[in-house]
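Below is one structure, written out as structure tokens; the observations come after it.
The values are calculated or read from the model by the stated rules, or taken from the named source; none is laboratory data. Being a predicted model, the structure only gives us computed values, none of them experimental. Neighbour counts are summed over all protein chains in view; Cβ atoms, including those assigned to glycine, are modelled from backbone coordinates with ideal geometry. Only protein heavy atoms, including side chains, enter the accessible area calculation; ligands, DNA and RNA are left aside. Shrake-Rupley method; radii C 1.70, N 1.55, O 1.52, S 1.80 Å.
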Amino acid sequence: MAQLRPRRRHALLAAPVGLALTASLGFLPGAASAAPQDTTAVRAATTDGPLLSYVVNTATDRGTLTKVKKAVKQAGGTVVVSYDKLGVVVAHSRNPEFAKALRAVPGVQSAGATRTAPLKAAATTQYGKPEKLKLSKDGAKSLAARSAATGKEPLEGLQWDLPAIGADKAAKINPGSKNVTVAVIDTGVDDTHPDLAPNFSASQSASCVSGKADTSPGAWRPFDPKTDYHGTHVAGSIAAARNGVGVAGVAPGVKVSGIKVSTPKDSFFYAESVVCAFVFAADHGAAVTNNSYYVDPWLFNCPDNLDQKAIADAVGRAAQYAQNKGVVNVASAGNDNFDLAADKIVDTSSPNDTGSKPPARTVDPKVCLDVPAQLPGVVTVSATGVKSAKSFYSNYGLKAVDVAAPGGDTMQVPDAPAKEGGILSTMPGGDWAYLQGTSMAGPHVAGVAALLKSTHPKSSPQEIQWLLKAQAKNPGCPTAAYDPDGTGKWKAACTGNKNVNSFYGYGIVDALSAVQD
């Protein structure tokens, strides 16, 4: 499979979450400002630059917010939406000095452009292109007969990932509660798919592409079903219904919603859209969010770059807001085979929205964060294949990865009838396809988190995360050097012990334990 933009939609990319990172990015509204507290009034601004989107992070008192919104206009900008409870203002401006002008306003803690390219009329962690399910008539009959004999879904025999975490057995005990909703923050979800329609919650779905929630009917659906399939695939892994059609999800009894954050055509996931999505999910009763992407255009956001600092600050505030309202945020670790606990990583993909190849830069992943995966409190997920080995592409890192889950690996091939190492799930238009990536691992963890929330409805996000880790089964570091194809291209060093290590975190999640304990 050819690789998509590095660590974009985490269908082969996943970002570490829940790390105990202490980078000084000021995630909370009360954090001290890193911006100079210049009391100079904002002067009349030029508007001859490209139209860009900005996030302005401020204190949350009414006086400061009123002053900042006025300053936005004085600096040649317009307020798109203000999340007053977070102290995050989304604005558009053609003033090349807009961010600099706002940083000088008292009460502004950080401000920066969310992109390097002008606004147009979304990135995921998927590795490679989807492979549509192709069955001969005899193959289809064989699967149907097997399904009838076992009481499973027609295509469940091709889902090696469900028994890998005990999800098939868990469904017989507790398939999940209809009172639990997992919000898929992604490229949109096709709610008309027969495997998704029974469990889809339209009232908890929206488009956040503009930075402001649009709840009009169907706004959550993909712009282009042929290219924006990622969110639909993720949704199926979480909650495809056991209804005699197609596949089954890890938590087939819970609800799933779609919050679209990717731009049309280019599918960039910008900060203002993700901020909107976390707030919308929290305010509309979601119990879990799945985040199989990283926020464009920077693979890592470094605090010494004021634009990147503002992005991490804004999204960090929104993720924290959701957690404070009881939401468990799950994110993919990414698909670059990076050690996220290393002293340095060479990033060759940022910024990714200029249309040209960016220069390489060296970053410290303990300071320069993959957002949202490395935000405090987020559950970071690495990927495994059918043999429970780390997927060749998956990022890893001691204390950077929380747990692992099946994400697929074409180098690890399952036995018949499931001869494909990828993850089979739903696609727009009533189809099914295989994908691999940490994008696929994340929704398995989100599904298990939903089962835990169904079993322990009063548990906090911290308690659910503790249960995920406590119940996980850790294969331990491999005894031989990790070099899956023998070429050295995917070599990785596992560190840690049998309980917690860099490849699996606390281990591979366990759906069966989630409904038993």
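What are the residues in region 87-130 that are at pLDDT below 85 and under 30 Å from Ser394 (Cβ atoms), if any? Passing the criteria: Ala122, Ala123, Thr124, Thr125, Gln126, Tyr127, Gly128, Lys129, Pro130. Scoring Val256 on the criteria (1) in a helix (DSSP H, G or I); (2) of a type outside the set (S, T, N, Q); (3) buried (at least 22 other Cβ atoms within 10 Å of the Cβ); (4) in contact with a helix residue (DSSP H, G or I) (Cβ under 7 Å, 6 or more places away or on another chain) leaves a single failure, condition (1). Could you check how many residues of region 346-370 are open to solvent by 40 Å² or more (accessible area, probe 1.4 Å) and in contact with a strand residue (DSSP E or B) (Cβ under 9 Å, 6 or more places away or on another chain)? Residues in region 346-370 being open to solvent by 40 Å² or more (accessible area, probe 1.4 Å) and in contact with a strand residue (DSSP E or B) (Cβ under 9 Å, 6 or more places away or on another chain): 6 in total.
Determine if region 477-490 includes at least one residue that is surrounded by fewer than 20 Cβ atoms within 10 Å (Cβ to Cβ) and assigned to a helix (DSSP H, G or I). No; the residues of region 477-490 include none that is surrounded by fewer than 20 Cβ atoms within 10 Å (Cβ to Cβ) and assigned to a helix (DSSP H, G or I).
Annotation note: Cβ proximity below 8 Å between a residue of region 503-516 that is within 18 Å of Pro163 (Cα to Cα) and a residue that is open to solvent by 20 Å² or more (accessible area, probe 1.4 Å) and part of a strand (DSSP E or B) (sequence gap 6+ or interchain) occurs for Gly507/Lys473; Ile508/Lys473; Asp510/Lys473. Could you say whether any residue in region 326-345 is among the acidic types (Asp, Glu), on the phi < 0 side of the Ramachandran plot, surrounded by fewer than 20 Cβ atoms within 10 Å (Cβ to Cβ) and in contact with a Cys (Cβ under 9 Å, 6 or more places away or on another chain)? No, that holds for no residue. Out of Ala235, Ala140, one residue alone is modelled with pLDDT under 95 and either assigned to a strand (DSSP E or B) or under 21 Å from Glu420 (Cβ atoms) (or both). It is Ala140.
Scanning region 303-322 for residues that are open to solvent by 10 Å² or more (accessible area, probe 1.4 Å) and among the hydrophobic types (A, V, I, L, M, F, W, C) gives a single hit, Leu306. Kindly provide the set of residues from region 429-461 that are crowded, with 24+ Cβ neighbours inside 10 Å, touching a His at 6+ places or on another chain (Cβ under 8 Å) and of a type outside the set (A, V, I, L, M), ordered by number. If the condition is that a residue be crowded, with 24+ Cβ neighbours inside 10 Å, touching a His at 6+ places or on another chain (Cβ under 8 Å) and of a type outside the set (A, V, I, L, M), then Gly437, Thr438, Ser439, Gly442 are the ones that fit. Among residues of region 85-111 that are part of a loop (DSSP other than H, G, I, E, B), those with a beta-carbon under 6 Å from a residue that is of a type in the set (Phe, Trp, Tyr) at least six positions away or on a different chain give the pairs Leu86/Tyr321. Counting only strands (runs of 3 or more DSSP E) wholly contained in region 277-382, the ones carrying 2 or more residues that are within 14 Å of Ile185 (Cα to Cα) occupy 288-291, 328-332. Checked against the criterion of being hydrophobic (A, V, I, L, M, F, W, C) and surrounded by fewer than 24 Cβ atoms within 10 Å (Cβ to Cβ), the candidates Ala213, Ala251 yield just one match: Ala213. Total residues in region 34-80 satisfying the condition of being more than 27 Å from Asp304 (Cβ to Cβ) and either modelled with pLDDT under 60 or crowded, with 22+ Cβ neighbours inside 10 Å (or both): the figure is 2. State whether one or more residues within region 468-476 are assigned to a loop (DSSP other than H, G, I, E, B) and either farther than 21 Å from Val401 by Cα or at pLDDT below 95 (or both). Looking for residues that are assigned to a loop (DSSP other than H, G, I, E, B) and either farther than 21 Å from Val401 by Cα or at pLDDT below 95 (or both), one finds none in region 468-476, hence no. Exactly one residue among Lys325, Lys357 is farther than 27 Å from Gln436 by Cβ and basic (Lys, Arg), and that residue is Lys325. Being aromatic (Phe, Trp, Tyr) and in a helix (DSSP H, G or I), is that true of even one residue in region 457-467? There is at least one residue in region 457-467 that is aromatic (Phe, Trp, Tyr) and in a helix (DSSP H, G or I).
Set side by side, the residues Val68, Val56 differ, and just one is in contact with a strand residue (DSSP E or B) (Cβ under 8 Å, 6 or more places away or on another chain), β-branched (Val, Ile, Thr) and not in a helix (DSSP H, G or I), which is Val56.
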